Amino acid sequence: MDGFVRVPISEQEPKVRATNFEEVCLGYTEEEAVKEAERCLNCKNPRCVGGCPVSINIPAFIQEVKNRNFEKAYEIISESSALPAVCGRVCPQENQCEGQCVRGIKGDAVAIGKLERFVADWAREHGIKPHSDAPKNGHKVAVIGSGPAGLACAGDLARLGYDVTIFEALHKTGGVLVYGIPEFRLPKDKVVAAEVENVKNLGVKIETNVIIGKSITIDELMEEEGFEAVFIGSGAGLPRFMGIPGEQALGVFSANEYLTRNNLMKAFKDLDTPISRGKKVVVVGGGNVAMDAARTALRLGAEVHIVYRRGEEELPARAEEVHHAKEEGVIFDLLQNPVEILTDDKNQVTGIRIIKMELGEPDASGRRSPIEIPGSEYDMDCDTVIMSLGTSPNPLISSTTVGMEVNRRGCIVAQEETGATTKNAVYAGGDAVTGAATVILAMGAGKTAAKGIDEYFKNH
Amino acid sequence: MYPILRKEVLADKIILMDVKAPRVSHSCLPGQFIIAKIDEDGERIPLTICDYDREKETVTIVVQTIGASTERMALLEEGDSFEDFVGPLGQPSELCMEENLEETKKLNIVFIAGGLGTAPVYPQVKWLHEHGVDATVIMGSRTKDLLFYIDEMKAVAKEVYVTTDDGTYGFHGMGTNQLQALVDEGKHYDRCVAIGPMIMMKFVCKLTKELEIPTIVSMNPIMVDGTGMCGACRLIVDNQVKFACVDGPEFDGHLVDFDLAMARMAQYKTEEGRKKLELEEGDTHHGGCGHCGGDK
Ligand SMILES: Cc1cc2nc3c(=O)[nH]c(=O)nc-3n(C[C@H](O)[C@H](O)[C@H](O)COP(=O)(O)OP(=O)(O)OC[C@H]3O[C@@H](n4cnc5c(N)ncnc54)[C@H](O)[C@@H]3O)c2cc1C
Ligand SMILES: Cc1cc2nc3c(=O)[nH]c(=O)nc-3n(C[C@H](O)[C@H](O)[C@H](O)COP(=O)(O)OP(=O)(O)OC[C@H]3O[C@@H](n4cnc5c(N)ncnc54)[C@H](O)[C@@H]3O)c2cc1C
Ligand code: SF4
Ligand code: FES
């Protein structure tokens, strides 16, 4: 094989995987990983690192893979990332490291994400765990939320010797990694639970079923339970709806509800929590969440259409997810937008009225906005509609914390360099600050805030 | 783990439990609810907080067995535990907030509890009593055997009127008939709180609109997380979308779209199940209004 093409990766056959919830991508073997690592040019000025939101020393770890020093490769990644097994699976690499890779100019970029995943899986399978020998410093820090931001912040603080407790509202830890992203992309027991275990092994305590702002407030944590600093990584969990007629009908769900029932409550295993197994499902939206909802519905036996108001180019989802969705048989109805959900006399969804769109001139931000084509409406039969239009931060915490500012979109205001909010000793990061974004950015923000909190204690 | 310290059968298919849940017991107020999960594979079941003891760190729940999960719950005994028990969720009842007490003291309040609704009404009436406000309570049920908490309620309310649809105890009729009768006698109320099956709340609201009594209802739609994350619990109130778990569960009953809320309850029922729901609404849920079927 010449150096222009990447080593192919094994995946479950599309027809087979469309009927199960097992992981789609099977990962590289050692031989394949080494071979792919050999394609890296070990550039003097590695552009890939510039594309990585947490600046992993990519060429260095890839060289170690090439030389079969997998443990060393893991150590290099771990200097910058707390969740490599997750990020290797879900990062939008084509817009980040791989999008910048010089190999990509003439041929395929190095499969950095797949190599990262290989290294992290290898480390887990060989029992290599992060550890800490920092002496305990006795300072108590509370971390709110157990998503990527919270886990990363808690892990780093524990490594620095802090006494850390994570408070999680749900009964399971992992945030979106357990309730949102499905099993077939991110195995829960194998990968997510192992990452959580790693954080626990560093001495972090986790208390589930505690809703900050309801069970106890941040001010009470600090005044009554002796926490000296707090990190908020509560995510952006509030679903948006379109506000079109028929949206309250039976058979219309938010993607959050649909995915939570399936992933967190494991409805696909026919346990106590029910899920609606539609025959024909329309998913509205074009992001990762929409792809996940569509591919879940497909696996539950439905014919699935994705209706998105912009074109293929503009789909915000990871390229790999769009590709996988198509292979599995999800139908893409692009440049189209729902205007009404049709119902019967029992208020059950019977169809959806859709209008066709075209892209107008680029606006100030450079994005071409979709415009309705008058008179182009048509009706499509369906029994289920899943709304995947984005989410915003939940006001539960901000509305119950004295002296902490939020912006107009409900996001917590925090300094980028430290994670400090406008309230003393309270830090924040991840989707709660940025609005819905990515795992790597949330993880990076958690790590930044851990540094910020450490600085805070040094100065006090 | 959240152990069950006490279990008591209150009436046919109605069970009370005191559950040790320190964090919830310290922060809860009347009107709020919890979500309980029996074990790893269990469903998240929302249940109203019916009483609490901050010293013993317990929360009292009253469960009516109507389906798979509540039946499984009823099999738990003293000494068993819930794997998960989270709360308090939702907004506390406006009438039971210290900051509103001066206003509340000026009100003549009537509670209408339908069937199981007696359980969530009780802590509110008790809280008001402890804060110097005595309310009138109408508690209705389909028949005598389903009544519970009569003595407890009498101890904290100004007056208690008990109704049964079949006349086997107290006033022969429904909660709405009793309210009408009291108003006809010349009683005046400035506030009504109705808690019970949706259809009962709907008909109470229809009456209190005519009588011009502002009315609060407690909505219990299907829920998953209970924190505003899924939107399963959405309702239309005053033509706006509200999430019952964070904006409620109590709302101005004159503004709630009850027909939509009732339709949404059928989401996870098969056709067969929906028929059963119609039957069961008539059966277990129908204390105190008797309008069952009249709406369908
Ligand atoms: C379906 C789906 C697919 C996605 N796919 C991708 C992908 O492929 N690649 C990618 O990079 N990103 C993806 N994302 C986005 C990514 O998952 C998020 O950006 C990331 O998880 C944000 O991390 P976080 O730690 O800020 O918040 P979250 O992961 O949302 O975690 C927040 C946690 O805080 C808890 N919490 C909230 N409020 C409270 C409270 N009051 N008290 C206590 N706990 C609280 C929540 O229960 C939750 O567990 C996806 C998101 C979704 C929903
Ligand atoms: C805020 C809130 C407070 C509640 N408080 C109490 C309480 O204090 N005591 C109590 O016994 N129940 C209460 N409920 C209802 C309780 O959660 C349901 O009865 C329970 O989830 C049914 O589960 P199941 O598996 O046993 O029944 P299922 O098999 O799921 O359903 C059986 C029947 O119950 C109906 N049902 C399903 N979900 C609900 C629901 N959320 N509310 C009412 N009926 C429902 C179904 O339509 C069906 O007829 C409350 C619900 C909410 C949302
Ligand atoms: S840009 Fe590509 S080839 Fe160069 S170091 Fe990074 S991964 Fe290797
Ligand atoms: S129960 Fe999920 S938003 Fe209310």
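The values are calculated or read from the model by the stated rules, or taken from the named source; none is laboratory data. Here the structure is a predicted model, which is why all the values come from computation and not from measurement. Backbone-built Cβ (ideal geometry, glycine too); neighbour counts: all protein chains shown. Heavy atoms of the whole protein, side chains included, go into the accessibility calculation; ligands, DNA and RNA do not. Shrake-Rupley method; radii C 1.70, N 1.55, O 1.52, S 1.80 Å.
Okay, residues lined up against (1) within 20 Å of the chain's Cα centre (by Cα); (2) assigned to a loop (DSSP other than H, G, I, E, B); (3) within 14 Å of chain B (Cβ to nearest Cβ); (4) under 30 Å from A:ALA294 (Cα atoms):
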residue	(1), (2), (3), (4)
A:ASP379	no, no, no, yes
A:VAL385	no, no, yes, yes
A:ILE397	no, no, yes, no
A:THR401	no, yes, no, no
A:ARG408	no, yes, no, no
A:THR418	no, yes, no, no
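State all residues of the range B:1-48 that are at the interface with another protein chain (Cβ under 9 Å from one of its Cβ atoms), in contact (Cβ under 8 Å) with a residue 60 or more places away in the chain and over 21 Å from the mean Cα position of the chain (by Cα); if no residue qualifies, say none.
Hit for the range B:1-48 is B:TYR2, nothing else.
Which one of these is surrounded by 19 or more Cβ atoms within 10 Å (Cβ to Cβ) and not assigned by TED's automatic domain parsing to the domain that holds A:ARG318: A:GLU64, A:GLU79?
Just one listed residue meets the conditions, A:GLU64.
May I ask you to list pairs of residues, at least six apart or on different chains, whose Cβ atoms are under 6 Å apart, with the first in the range A:37-54 being within 6 Å of ligand 3 (Cβ to nearest atom) and the second being part of a loop (DSSP other than H, G, I, E, B) and among the β-branched types (Val, Ile, Thr)?
That search, which allows pairs on different chains as well, returns A:CYS40/A:VAL110.
Of all residues in the range A:420-435, count the ones that are in a loop (DSSP other than H, G, I, E, B) and either out of contact with any helix residue (DSSP H, G or I) (no Cβ under 8 Å at 6 or more places or on another chain) or within 24 Å of A:GLU223 (Cβ to Cβ) (or both).
The total comes to 6.
List the strands (runs of 3 or more DSSP E) that sit entirely inside the range B:102-175 and contain at least 2 residues that are open to solvent by 30 Å² or more (accessible area, probe 1.4 Å) and at pLDDT 90 or above. Walk me through how you get there before you give the answer.
On the way: elements: B:109-114, B:136-141, B:159-164.
Filter on the range B:102-175 gives B:159-164.
Identify all residues within the range A:129-153 that are more than 18 Å from the chain's Cα centre (by Cα) and surrounded by 24 or more Cβ atoms within 10 Å (Cβ to Cβ); write none if there are none.
A:VAL141, A:ALA142, A:VAL143
When you check B:GLY79 against the structure, is it away from ligand 1 (no atom under 16 Å from the Cβ) and either under 23 Å from B:GLY231 (Cα atoms) or touching a His at 6+ places or on another chain (Cβ under 7 Å) (or both), yes or no?
No.
Which numbered condition in (1) in contact with a helix residue (DSSP H, G or I) (Cβ under 7 Å, 6 or more places away or on another chain); (2) at pLDDT 95 or above; (3) open to solvent by 40 Å² or more (accessible area, probe 1.4 Å) is the only one that A:VAL330 fails?
Just one mismatch for A:VAL330, condition (3).
Sort out which residues of the range A:328-354 are in contact with a Ser or Thr (Cβ under 8 Å, 6 or more places away or on another chain), over 30 Å from A:PHE184 (Cα atoms) and assigned to a strand (DSSP E or B), and write them in order of number.
A:LEU342, A:THR343
With the requirement that a residue be within 9 Å of another protein chain (Cβ to nearest Cβ) and part of a loop (DSSP other than H, G, I, E, B), what does the range B:220-240 give you? First the steps, then the outcome.
Going residue by residue through the range B:220-240, those that are within 9 Å of another protein chain (Cβ to nearest Cβ) are B:224-232, B:234-236.
Result: B:VAL224, B:ASP225, B:GLY226, B:THR227, B:GLY228, B:MET229, B:CYS230, B:GLY231, B:ALA232.
Yes/no matrix, rows are residues, columns are (1) in contact (Cβ under 8 Å) with a residue 40 or more places away in the chain; (2) open to solvent by 40 Å² or more (accessible area, probe 1.4 Å); (3) under 23 Å from A:GLY213 (Cβ atoms); (4) more than 16 Å from ligand 3 (Cβ to nearest atom):
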{"residue": "B:PRO214", "(1), (2), (3), (4)": "yes, yes, no, yes"}
{"residue": "B:MET219", "(1), (2), (3), (4)": "yes, no, yes, yes"}
{"residue": "B:ILE222", "(1), (2), (3), (4)": "yes, yes, no, yes"}
{"residue": "B:ASP225", "(1), (2), (3), (4)": "yes, no, yes, yes"}
{"residue": "B:CYS230", "(1), (2), (3), (4)": "no, no, yes, yes"}
{"residue": "B:PRO249", "(1), (2), (3), (4)": "yes, no, yes, yes"}
{"residue": "B:MET262", "(1), (2), (3), (4)": "yes, no, no, yes"}
{"residue": "B:GLN267", "(1), (2), (3), (4)": "yes, no, no, yes"}
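One line per residue, one yes/no per condition, for (1) open to solvent by less than 70 Å² (accessible area, probe 1.4 Å); (2) of a type in the set (D, E, K, R):
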| residue | (1), (2) |
| --- | --- |
| A:ASP383 | yes, yes |
| A:VAL406 | yes, no |
| A:GLY410 | yes, no |
| A:GLN415 | no, no |
| A:ALA420 | yes, no |
| A:GLY430 | yes, no |
| A:GLY446 | yes, no |
| A:ALA449 | yes, no |
| A:GLY452 | yes, no |
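Does A:ILE218 fit the bill of being touching a residue at least 60 places away in the same chain (Cβ under 8 Å), farther than 30 Å from A:SER276 by Cα and away from every other protein chain (no Cβ under 11 Å)?
yes
Residue-wise test of (1) away from ligand 3 (no atom under 14 Å from the Cβ); (2) hydrophobic (A, V, I, L, M, F, W, C); (3) more than 24 Å from A:ALA317 (Cα to Cα).
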site	(1), (2), (3)
A:GLY107	no, no, no
A:LEU160	yes, yes, yes
A:VAL164	yes, yes, yes
A:HIS171	yes, no, yes
A:GLY174	yes, no, no
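For residues that are under 25 Å from B:ASP84 (Cα atoms) and of a type in the set (Ser, Thr, Tyr), scanning just the range A:127-184, find the one that is farthest from ligand 2 (Cβ to nearest atom).
Selected residue: A:THR165.
From the list A:ILE352, A:ILE275, A:ILE306, exactly one residue is open to solvent by less than 40 Å² (accessible area, probe 1.4 Å), within 24 Å of A:ARG261 (Cβ to Cβ) and within 16 Å of ligand 4 (Cβ to nearest atom). Which is it?
Exactly one of A:ILE352, A:ILE275, A:ILE306 is open to solvent by less than 40 Å² (accessible area, probe 1.4 Å), within 24 Å of A:ARG261 (Cβ to Cβ) and within 16 Å of ligand 4 (Cβ to nearest atom), namely A:ILE275.
Return a yes/no flag: does the range B:21-34 have any residue that is open to solvent by 20 Å² or more (accessible area, probe 1.4 Å) and either of a type in the set (D, E, K, R) or in the same structural domain as B:ASP145 (by TED's automatic domain parsing) (or both). Walk me through how you get there before you give the answer.
Taking the range B:21-34 and keeping what is open to solvent by 20 Å² or more (accessible area, probe 1.4 Å), we get B:22-23, B:26-27, B:29.
The next check asks that each one be either of a type in the set (D, E, K, R) or in the same structural domain as B:ASP145 (by TED's automatic domain parsing) (or both); those that pass are B:23.
For the range B:21-34, residues open to solvent by 20 Å² or more (accessible area, probe 1.4 Å) and either of a type in the set (D, E, K, R) or in the same structural domain as B:ASP145 (by TED's automatic domain parsing) (or both): present.
When you check A:VAL24 against the structure, is it within 16 Å of ligand 1 (Cβ to nearest atom), open to solvent by 20 Å² or more (accessible area, probe 1.4 Å) and within 27 Å of the chain's Cα centre (by Cα), yes or no? I'd like the intermediate steps shown before the answer.
On the way: within 16 Å of ligand 1 (Cβ to nearest atom): yes; open to solvent by 20 Å² or more (accessible area, probe 1.4 Å): no; within 27 Å of the chain's Cα centre (by Cα): yes.
Criteria not met by A:VAL24.
Considering each residue of the range A:89-115, count those that are crowded, with 21+ Cβ neighbours inside 10 Å, of a type in the set (Val, Ile, Thr) and in a loop (DSSP other than H, G, I, E, B), and give that number.
1
For the range A:30-52, which positions are away from ligand 1 (no atom under 16 Å from the Cβ), open to solvent by less than 70 Å² (accessible area, probe 1.4 Å) and either among the acidic types (Asp, Glu) or part of a loop (DSSP other than H, G, I, E, B) (or both)?
A:GLU32, A:GLU36, A:ARG39, A:CYS40, A:CYS43, A:PRO46
Which is surrounded by fewer than 24 Cβ atoms within 10 Å (Cβ to Cβ) and either farther than 30 Å from A:ASN137 by Cα or within 14 Å of chain B (Cβ to nearest Cβ) (or both), of A:ALA293, A:ALA249, A:ALA297?
Numbers: A:ALA293 fails: surrounded by fewer than 24 Cβ atoms within 10 Å (Cβ to Cβ); A:ALA297 fails: surrounded by fewer than 24 Cβ atoms within 10 Å (Cβ to Cβ).
Exactly one residue qualifies, and that residue is A:ALA249.
Could you check B:PHE243 against (1) open to solvent by less than 30 Å² (accessible area, probe 1.4 Å); (2) within 14 Å of chain A (Cβ to nearest Cβ); (3) touching a residue at least 24 places away in the same chain (Cβ under 8 Å); (4) of a type in the set (A, V, I, L, M, F, W, C) and say which number it fails?
For B:PHE243, the exception is condition (3).
As an exercise: evaluate B:ASP80 against (1) open to solvent by 10 Å² or more (accessible area, probe 1.4 Å); (2) assigned by TED's automatic domain parsing to the domain that holds B:GLU159 and give the number of the one condition it does not meet.
Answer for B:ASP80: the failing condition is (2).
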